[in-house]
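Asker: Dropping the structure in here first, questions after.
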Amino acid sequence: MKTLSAIHVPLILSMLVLVAPACSKKAVQSGGDHALQEQMAREGMAKGGVSSTFPDTSLSGRDEANNLRGLDRNPSEERLGGDAGGSGRNGSGTTGNHGNTLMAKADSGAAARQLAEIRAEQAASVAAGLRDVFFAYDSFSITDEGRHALSNDAEWIKSNPQAQLKIEGHCDERGTSAYNLVLGEKRAKAVRNYLVELGIAPQHLSVVSYGKERPFCTDHSEHCYSMNRRGHLVVKTGK
Amino acid sequence: MTLRTLVLSSLCSLVGLVWIIESGAADVFLEATRPDFQKIPLAIAGIDNMGGAESPEGRVKLGSRIEEVLKADVRRSLVFSLIDVQGLGIKASSLGAEPDPSFKQAAENGVSIVVWGKAGIKNGNKDSDVSMDGYVYDAGNNEVVGGKRYVGSTSVVRLMAHRFADELVFRYTGEPGIARTKIAYVSELGSARELFVMDYDGYEPRQVTADGFLNLMPRWSPDRRFLVFTTYRNRNTQDIDLIELATGKRWTLVSQGGLNITPALSPDGNFLAYSSSHDGNAELYRMDTHTKAVHRLTTNAGGDLSPSWAPSGRELAFTSDRSGGPQVFLISADGSNVRRLTFDGDYNAAPAWSPRGNWIAYVCRTPKKEYKLCLITPDGQKRVQLTTGSGVDDSPSWSPDGRHIVFSSTADGKSHIYMINVDGKDLERITFTGTHNSAPTWSPAS
């Protein structure tokens with residue numbers, strides 16, 4: 001398996017060159033606020049990979065209002081402001097937490113919209129009969145069983161040439177959140193590479209890693225862990 | 001010698017002690033934090049309750065609530081040892097602003113500082129302001145060395161205690177204390193993971209994002225005004241965003257396709273280090289936050305991630321799997337001088353460099369395949385395992401005083417947030433609600 005993944009590294013790299021332009025083209029074509037955001041982000045990217053303006057994060061902007069004033073033999077009244085920013089109770093000149101924590105500027109529609117889109121994707125993926133690929137602990141090598149599942153998936157993709165697929169890389173709860181994002185990406189890319197070997201055009205495939213942040217199952221059992229170590233194929237709907 | 005200079009010199013000698021031992025024999029357990037430094041004996045005589053006022057939550061008297069919060073803060077400061085006031089003959093209710101004759105006796109019994117106070121609702125009206133008076137008696141001078149008088153709405157009752165505790169730490173060490181620090185973290189809401197900020201003791205949680213999908217691994221700006229974090233834009237791409245806590249305003253700092261994870265602002269806030277796989281596999285980058293110029297720090301076939309700045313800003317610790325499983329490496333801030341730091345075990349990740357510079361905390365996989373916290377010195381000479389037992393420990397983050405580590409663990413089943421002293425003592429769970437709390441990160445001191 002080690003030699004296999006070594007062979008795949010140059011394959012992954014060459015694939016990225018092919019896939020990246022296809023992705024950006026698609027984002028511009030699709031509608032909605034998020035496509036616009038993506039487009040703006042990509043325009044910013046041309047100037048060095050970042051959006052055009054953002055605030056000063058250096059210590060020069062430090063607010064001194066929160067500084068301690070020391071004990072006093074005749075203490076004067078010190079008014080403390082709450083940290084519920086925007087509650088209207090913080091008078092000017094108050095000390096405390098300089099109002100730096102907030103209540104979320106909640107986009108109440110965001111969660112509902114995301115959920116509806118996830119459900120639509122799930123329904124389309126179930127209807128397509130796509131099968132997931134499962135991985136061994138610490139591993140991103142595709143097993144024989146995984147190859148079998150991907151052969152099935154490749155057939156469906158070939159007979160549905162309009163479909164765009166997202167390959168999600170997932171991990172079990174063991175290990176760190178951060179490293180599992182890297183491992184999840186390796187799993188998703190391993191799945192993508194095998195589908196490409198089976199003749200699927202890389203333009204039809206995108207990868208995303210969710211690490212251990214979107215587990216299929218939440219028990220602390222080996223069975224559950226094995227369910228969570230997966231490459232999950234999703235039919236993209238809409239965006 | 002005044003008490004304050006005594007303490008300062010004790011702290012200095014503590015630092016000296018650490019360096020002597022580090023250059024000496026191995027196999028010494030965490031002497032850096034099991035110091036000869038004598039904690040200052042402090043007695044809290046009580047926060048007297050004026051007029052029967054209840055705390056905002058009801059049930060408990062206002063003064064008792066403040067006293068309880070103050071005691072916990074003083075204990076966690078690790079600067080003072082809390083002396084039981086029972087048997088010292090001190091009654092808070094009889095104390096004014098002057099030293100009580102009973103203090104002299106307390107001093108003879110080894111108490112260096114006596115703290116007391118009173119709290120009440122102004123005008124006796126439930127919607128009115130709360131006031132708290134606190135006094136500090138110093139046995140060395142045999143006098144009341146000072147006090148504080150706080151007023152504010154009922155929403156700042158805990159803050160009054162935190163602020164008073166930090167004044168005590170500041171008075172006797174010159175450090176700002178940690179009682180007013182915050183912890184940012186990730187919590188599950190439905191199927192989404194959103195950012196939250198709470199007080200360092202787990203109280204007053206506040207939601208920061210409401211995107212309905214995944215927001216991960218927040219880090220503070222050094223001035224505490226912003227968090228940087230990974231957000232899944234439209235669920236399919238990862239960006240690195242900045243959010244201003246006071247307003248909720250957001251900026252996208254990195255948006256390149258691929259993984260864009262583990263952002264960390266430098267101690268002076270002038271640079272953002274992060275990991276991105278837009279060029280193939282995860283590599284470290286450093287962005288100048290003023291010019292937005294991006295400098296690539298690593299180039300190799302392995303994944304490089306989780307940069308953590310040294311307090312000097314001249315080096316970073318990071319995770320890399322270039323030699324197989326993930327290990328902790330060090331790198332200069334210009335990308336030069338990469339060297340591997342951890343060699344024990346086949347999985348070491350998520351390094352966090354202590355604000356004092358002397359330790360790097362990280363997640364280590366034990367021979368029993370448990371994910372626990374370990375500490376290692378930046379020269380690699382000393383290494384210790386900090387936590388034990390079942391459960392996956394993750395995301396260590398240091399308190400700004402370098403005496404505590406906050407982390408997530410599944411030790412009690414669901415993922416919750418815990419803190420532990422750097423000497424392995426005082427393990428304390430600080431979140432109790434929610435289905436999944438993770439990725440804690442401790443704010444700088446103010």
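The values are calculated or read from the model by the stated rules, or taken from the named source; none is laboratory data. Not measured: the values here are computed from a predicted model. Virtual Cβ from ideal backbone geometry, glycine too; neighbours counted across all protein chains shown.
Asker: Look at segment A:105-130 and say how many of its residues are part of a loop (DSSP other than H, G, I, E, B) and modelled with pLDDT of 90 or more.
Answerer: In the first step, residues of segment A:105-130 are kept if they are part of a loop (DSSP other than H, G, I, E, B); the result is A:105-107, A:129-130.
Filter once more, so that each one left must be modelled with pLDDT of 90 or more: A:129-130.
The qualifying residues number 2.
Asker: Given the structure, is residue A:130 of a type in the set (A, V, I, L, M) and touching a Pro at 6+ places or on another chain (Cβ under 9 Å)?
Answerer: On the way: of a type in the set (A, V, I, L, M): yes; touching a Pro at 6+ places or on another chain (Cβ under 9 Å): no.
Considered against the rule, which asks whether it is of a type in the set (A, V, I, L, M) and touching a Pro at 6+ places or on another chain (Cβ under 9 Å), residue A:130 comes out as no.
Asker: Filter segment B:316-349 for residues that are within 14 Å of another protein chain (Cβ to nearest Cβ), part of a loop (DSSP other than H, G, I, E, B) and touching an Asp or Glu at 6+ places or on another chain (Cβ under 9 Å) and give the result.
Answerer: B:321, B:322, B:324, B:325, B:326, B:346, B:347 - these are the residues of segment B:316-349 that are within 14 Å of another protein chain (Cβ to nearest Cβ), part of a loop (DSSP other than H, G, I, E, B) and touching an Asp or Glu at 6+ places or on another chain (Cβ under 9 Å).
Asker: Every residue in segment B:149-199 that is touching a His at 6+ places or on another chain (Cβ under 7 Å) and basic (Lys, Arg), please.
Answerer: Listed by number, the list holds a single entry, B:180.
Asker: Mind checking whether some residue in segment B:76-90 is modelled with pLDDT under 90, in contact with a Leu (Cβ under 9 Å, 6 or more places away or on another chain) and not small (Gly, Ala, Ser)? So that I can check it myself, show each step before the final result.
Answerer: Step one: filter segment B:76-90 for residues modelled with pLDDT under 90, giving B:84-90.
Add one more test, that the residue is in contact with a Leu (Cβ under 9 Å, 6 or more places away or on another chain), and what stays is none.
Looking for residues that are modelled with pLDDT under 90, in contact with a Leu (Cβ under 9 Å, 6 or more places away or on another chain) and not small (Gly, Ala, Ser), one finds none in segment B:76-90, hence no.
Asker: Let me ask another. Give, as residue ranges, the strands (runs of 3 or more DSSP E) completely inside segment B:350-446 that count at least 2 residues that are surrounded by fewer than 22 Cβ atoms within 10 Å (Cβ to Cβ). Spell out the reasoning first.
Answerer: On the way: elements: B:360-365, B:371-376, B:383-385, B:393-398, B:404-409, B:416-421, B:437-442.
Ranges flagged: B:383-385, B:416-421.
Asker: Cβ-Cβ below 6 Å, separation at least six or inter-chain, first residue in segment B:173-191 and more than 10 Å from chain A (Cβ to nearest Cβ) and within 26 Å of residue A:213 (Cβ to Cβ), second of a type in the set (Phe, Trp, Tyr) and part of a strand (DSSP E or B): which pairs?
Answerer: Within 6 Å, the pairs are B:183/B:442; B:185/B:196; B:187/B:196.
Asker: Could you pull out the residue among A:152, A:180 that is closer than 23 Å to residue B:365 by Cα, out of contact with any His (no Cβ under 8 Å at 6 or more places or on another chain) and part of a helix (DSSP H, G or I)? Reasoning before the result, please.
Answerer: Numbers: A:152 fails: closer than 23 Å to residue B:365 by Cα.
Just a single option satisfies the conditions, and that option is A:180.
Asker: Are any residues in segment B:214-225 in a strand (DSSP E or B) and at the interface with another protein chain (Cβ under 7 Å from one of its Cβ atoms), and if so, which ones? Break it down into steps so the answer makes sense when it comes.
Answerer: Of all residues in segment B:214-225, those in a strand (DSSP E or B) come to B:214-220.
If the condition is that a residue be in a strand (DSSP E or B) and at the interface with another protein chain (Cβ under 7 Å from one of its Cβ atoms), then B:214, B:216, B:217 are the ones that fit.
Asker: Among the residues of segment B:415-435, are any closer than 23 Å to residue B:343 by Cβ and not aromatic (Phe, Trp, Tyr)? Let's see the steps before the verdict.
Answerer: If we filter segment B:415-435 for residues that are closer than 23 Å to residue B:343 by Cβ, which is where we start, we get B:422, B:424.
Okay, now just the ones that are also not aromatic (Phe, Trp, Tyr), so B:422, B:424.
The answer is yes; a qualifying residue exists.
Asker: Got at least one residue in segment B:139-159 being of a type in the set (A, V, I, L, M), within 30 Å of residue A:113 (Cβ to Cβ), part of a strand (DSSP E or B) and more than 7 Å from chain A (Cβ to nearest Cβ)?
Answerer: Applying the first criterion (of a type in the set (A, V, I, L, M)) to segment B:139-159 yields B:139, B:144-145, B:151, B:156-157, B:159.
Filter once more, keeping what is within 30 Å of residue A:113 (Cβ to Cβ): none.
The answer is no; no qualifying residue exists.
Asker: In segment B:379-400, how many are within 14 Å of another protein chain (Cβ to nearest Cβ) and among the acidic types (Asp, Glu)?
Answerer: Of the residues in that region, 2 qualify.
Asker: If you don't mind, another one. Whether any residue in segment B:214-223 is closer than 20 Å to residue B:435 by Cα and surrounded by fewer than 24 Cβ atoms within 10 Å (Cβ to Cβ) is what I want to check. Break it down into steps so the answer makes sense when it comes.
Answerer: To start, the set of residues in segment B:214-223 that are closer than 20 Å to residue B:435 by Cα comprises B:214-218.
Pick out the ones that are also surrounded by fewer than 24 Cβ atoms within 10 Å (Cβ to Cβ) and you get B:214, B:216.
The answer is yes, given that some residue of segment B:214-223 is closer than 20 Å to residue B:435 by Cα and surrounded by fewer than 24 Cβ atoms within 10 Å (Cβ to Cβ).
Asker: Looking at (1) within 26 Å of residue A:119 (Cα to Cα); (2) assigned to a loop (DSSP other than H, G, I, E, B); (3) within 7 Å of chain A (Cβ to nearest Cβ), which is the one condition that is false for residue B:248?
Answerer: Tallying (1) within 26 Å of residue A:119 (Cα to Cα); (2) assigned to a loop (DSSP other than H, G, I, E, B); (3) within 7 Å of chain A (Cβ to nearest Cβ), residue B:248 fails exactly one: (1).
Asker: Would you say residue B:255 is touching a helix residue (DSSP H, G or I) at 6+ places or on another chain (Cβ under 9 Å), more than 7 Å from every other protein chain (Cβ to nearest Cβ) and among the hydroxyl-bearing types (Ser, Thr, Tyr)? Please lay out each step first, then the result.
Answerer: Values: touching a helix residue (DSSP H, G or I) at 6+ places or on another chain (Cβ under 9 Å): yes; more than 7 Å from every other protein chain (Cβ to nearest Cβ): no; among the hydroxyl-bearing types (Ser, Thr, Tyr): yes.
Considered against the rule, which asks whether it is touching a helix residue (DSSP H, G or I) at 6+ places or on another chain (Cβ under 9 Å), more than 7 Å from every other protein chain (Cβ to nearest Cβ) and among the hydroxyl-bearing types (Ser, Thr, Tyr), residue B:255 comes out as no.
Asker: If you go through segment B:103-133, how many residues are away from every other protein chain (no Cβ under 14 Å) and surrounded by 24 or more Cβ atoms within 10 Å (Cβ to Cβ)?
Answerer: Count: 2.
Asker: Which residue, of B:228, B:136, is within 7 Å of another protein chain (Cβ to nearest Cβ), touching a Leu at 6+ places or on another chain (Cβ under 7 Å), of a type in the set (Val, Ile, Thr) and surrounded by 21 or more Cβ atoms within 10 Å (Cβ to Cβ)? Don't jump to the end; show me each part of the working.
Answerer: Numbers: B:228 fails: within 7 Å of another protein chain (Cβ to nearest Cβ).
Selected residue: B:136, the only one of B:228, B:136 that is within 7 Å of another protein chain (Cβ to nearest Cβ), touching a Leu at 6+ places or on another chain (Cβ under 7 Å), of a type in the set (Val, Ile, Thr) and surrounded by 21 or more Cβ atoms within 10 Å (Cβ to Cβ).
Asker: Looking at residue B:252, is it surrounded by fewer than 24 Cβ atoms within 10 Å (Cβ to Cβ) and free of Cβ contacts under 8 Å to residues at least 40 places away in the same chain? Break it down into steps so the answer makes sense when it comes.
Answerer: On the way: surrounded by fewer than 24 Cβ atoms within 10 Å (Cβ to Cβ): yes; free of Cβ contacts under 8 Å to residues at least 40 places away in the same chain: yes.
Considered against the rule, which asks whether it is surrounded by fewer than 24 Cβ atoms within 10 Å (Cβ to Cβ) and free of Cβ contacts under 8 Å to residues at least 40 places away in the same chain, residue B:252 comes out as yes.
Asker: Identify, from the list B:211, B:279, the residue that is among the charged types (D, E, K, R), without any contact (Cβ under 8 Å) to a residue 60 or more places away in the chain, outside any strand (DSSP E or B) and surrounded by fewer than 20 Cβ atoms within 10 Å (Cβ to Cβ).
Answerer: So the residue among B:211, B:279 that is among the charged types (D, E, K, R), without any contact (Cβ under 8 Å) to a residue 60 or more places away in the chain, outside any strand (DSSP E or B) and surrounded by fewer than 20 Cβ atoms within 10 Å (Cβ to Cβ) is B:279.
Asker: Next up: Go over the candidates A:197, A:168, A:222, A:155 one by one and state the one that is out of contact with any Pro (no Cβ under 8 Å at 6 or more places or on another chain), surrounded by fewer than 15 Cβ atoms within 10 Å (Cβ to Cβ) and within 13 Å of chain B (Cβ to nearest Cβ). First the steps, then the outcome.
Answerer: Numbers: A:197 fails: within 13 Å of chain B (Cβ to nearest Cβ); A:168 fails: surrounded by fewer than 15 Cβ atoms within 10 Å (Cβ to Cβ); A:155 fails: within 13 Å of chain B (Cβ to nearest Cβ).
One residue alone meets the criteria, A:222.
Asker: Could I ask something else about it? Could you tell me which residue of segment B:259-287 is nearest to residue A:177 (Cα to Cα), considering only residues that are facing chain A (nearest Cβ under 10 Å) and out of contact with any helix residue (DSSP H, G or I) (no Cβ under 9 Å at 6 or more places or on another chain)? First the steps, then the outcome.
Answerer: First, pick out the residues of segment B:259-287 that are facing chain A (nearest Cβ under 10 Å): B:259-262, B:265-272, B:275-282, B:285, B:287.
Checking which are out of contact with any helix residue (DSSP H, G or I) (no Cβ under 9 Å at 6 or more places or on another chain) leaves us with B:260, B:265-266, B:271-272, B:276, B:285, B:287.
On the way: B:260: 13, B:265: 19, B:266: 21, B:271: 23, B:272: 20, B:276: 15, B:285: 20, B:287: 23 Å.
My answer is B:260.
Asker: Could you tell me how many of the residues in segment A:223-233 are farther than 14 Å from residue B:392 by Cβ and over 19 Å from the mean Cα position of the chain (by Cα)? First the steps, then the outcome.
Answerer: Residues of segment A:223-233 that are farther than 14 Å from residue B:392 by Cβ, as a first pass: A:223, A:226-227, A:229-233.
Narrowing the set further to residues that are over 19 Å from the mean Cα position of the chain (by Cα) leaves A:223, A:226-227.
The number of residues fulfilling the criteria is 3.
Asker: Also, quick follow-up: Quick check on residue A:210: is it farther than 19 Å from residue A:129 by Cα, assigned to a strand (DSSP E or B), at pLDDT 95 or above and within 13 Å of chain B (Cβ to nearest Cβ)?
Answerer: Working: farther than 19 Å from residue A:129 by Cα: yes; assigned to a strand (DSSP E or B): yes; at pLDDT 95 or above: yes; within 13 Å of chain B (Cβ to nearest Cβ): yes.
Taking the combined requirement at face value, the residue satisfies it.
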